[in-house]
1. Does at least one position in the stretch 158-167 carry a residue that is touching a helix residue (DSSP H, G or I) at 6+ places or on another chain (Cβ under 7 Å), within 21 Å of residue 257 (Cβ to Cβ) and at pLDDT 90 or above?
2. Which numbered condition in (1) touching a Lys or Arg at 6+ places or on another chain (Cβ under 7 Å); (2) closer than 26 Å to residue 200 by Cβ; (3) surrounded by fewer than 16 Cβ atoms within 10 Å (Cβ to Cβ); (4) not hydroxyl-bearing (Ser, Thr, Tyr) is the only one that residue 46 fails?
3. Look at the stretch 101-114 and say how many of its residues are in a loop (DSSP other than H, G, I, E, B), crowded, with 16+ Cβ neighbours inside 10 Å and of a type in the set (Gly, Ala, Ser).
4. Can you pull out every residue in the stretch 145-162 that is among the small types (Gly, Ala, Ser) and surrounded by fewer than 18 Cβ atoms within 10 Å (Cβ to Cβ)?
5. Does residue 117 meet the test of being modelled with pLDDT of 95 or more and either more than 17 Å from the chain's Cα centre (by Cα) or not aromatic (Phe, Trp, Tyr) (or both)?
6. Looking at (1) out of contact with any helix residue (DSSP H, G or I) (no Cβ under 8 Å at 6 or more places or on another chain); (2) surrounded by fewer than 17 Cβ atoms within 10 Å (Cβ to Cβ), which one does residue 97 not meet, given that it meets all the others?
7. Give the residue, chosen from 117, 81, 54, that is within 30 Å of residue 150 (Cβ to Cβ) and either among the charged types (D, E, K, R) or without any contact (Cβ under 8 Å) to a residue 60 or more places away in the chain (or both).
8. Here are 165, 142, 170, 126: which of them is touching a Phe, Trp or Tyr at 6+ places or on another chain (Cβ under 9 Å) and surrounded by fewer than 18 Cβ atoms within 10 Å (Cβ to Cβ)?
Amino acid sequence: MEPLISSIPSVKDGPTTPSDRPAVLITGASGGIGRAISHAFGKIGWYVGVQYYRNKAAAEATLERVLKSGGIGDSYQADIREAESVRRMIDRFSSCTSGPSVLICNAGIGQSDLLVRHSDDIWENAIVTNLTGTFHCLRAMAPFMLTRGGGSIIVIGSHTGFHGAAGQSAYATSKAGLIGLVRSAALEWGPHNIRVNLVLPGWQKTDLTEGIFPEGSGWPDHALRRPPAIEEVAGTVVHLAQLNDVSGQVWNCDSRHL
């Protein structure tokens, strides 16, 4: 999918500085889906904030791809489980930018244990990272967007949040919670031109799916008998981020039914 070219300026429109380019902050951008999204925004000349938690080298590799593709950006270290860490990250991002802004909440962790074997730590870590961490990011970003007349927030969800999955109860519960969070935020912030949407990226071969990624003909529940290409997912996110009149929606990138 080609990204939508809207009225938001591109680097091709003339000289720009980091502060006046359109800007996107992407959590969990050190690899996998986050890296692909970062690269896609870089290709249209945006300022890209690459958030990471521990893997600075991987974040720098993502940033290098952004720069090589024509974008600009910086890396941002933060622990999304901690509200104060998120607040500091958002403050730094807002001080570096003044143009239209987008937040992509992509950071998350998986788990693979049967419900009866869950420890409290497994449950709590999945919920606090995937759900509470997203809440921290939305809450911290909203005042910044309100002062600039709006913006776009895209949360990366999961098909599992709608249907559950054996051995993934904590993960599925955290992703199901994102549906209510996104739709509530969309209603609260819509009058202020802040759009909030959920994207389901489908199966992607990343560190998160290592050991559980279906191979070969393992796609009987997909109408197309294949998962979506990561480039199409990234293109969908870039496209959605620039749509001015869409909010509170779920965009499914694969061929399964919700």
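The values are calculated or read from the model by the stated rules, or taken from the named source; none is laboratory data. None of these values were measured; they are calculated from a predicted model. FYI the Cβ positions are ideal-geometry reconstructions off the backbone, even for glycines, and counts take in every protein chain you see.
1. yes
2. All conditions pass for residue 46, except number (3).
3. We begin by selecting, within the stretch 101-114, every residue in a loop (DSSP other than H, G, I, E, B); these are 106-112, 114.
So of that shortlist, the ones also crowded, with 16+ Cβ neighbours inside 10 Å come out as 106-111.
Filter again for of a type in the set (Gly, Ala, Ser), leaving 107-108, 110.
Looking only at that region, the number is 3.
4. 149, 150
5. no
6. (2)
7. Details: 117 fails: within 30 Å of residue 150 (Cβ to Cβ); 54 fails: within 30 Å of residue 150 (Cβ to Cβ).
Exactly one of 117, 81, 54 is within 30 Å of residue 150 (Cβ to Cβ) and either among the charged types (D, E, K, R) or without any contact (Cβ under 8 Å) to a residue 60 or more places away in the chain (or both), namely 81.
8. On inspection, the qualifying residue turns out to be 165.
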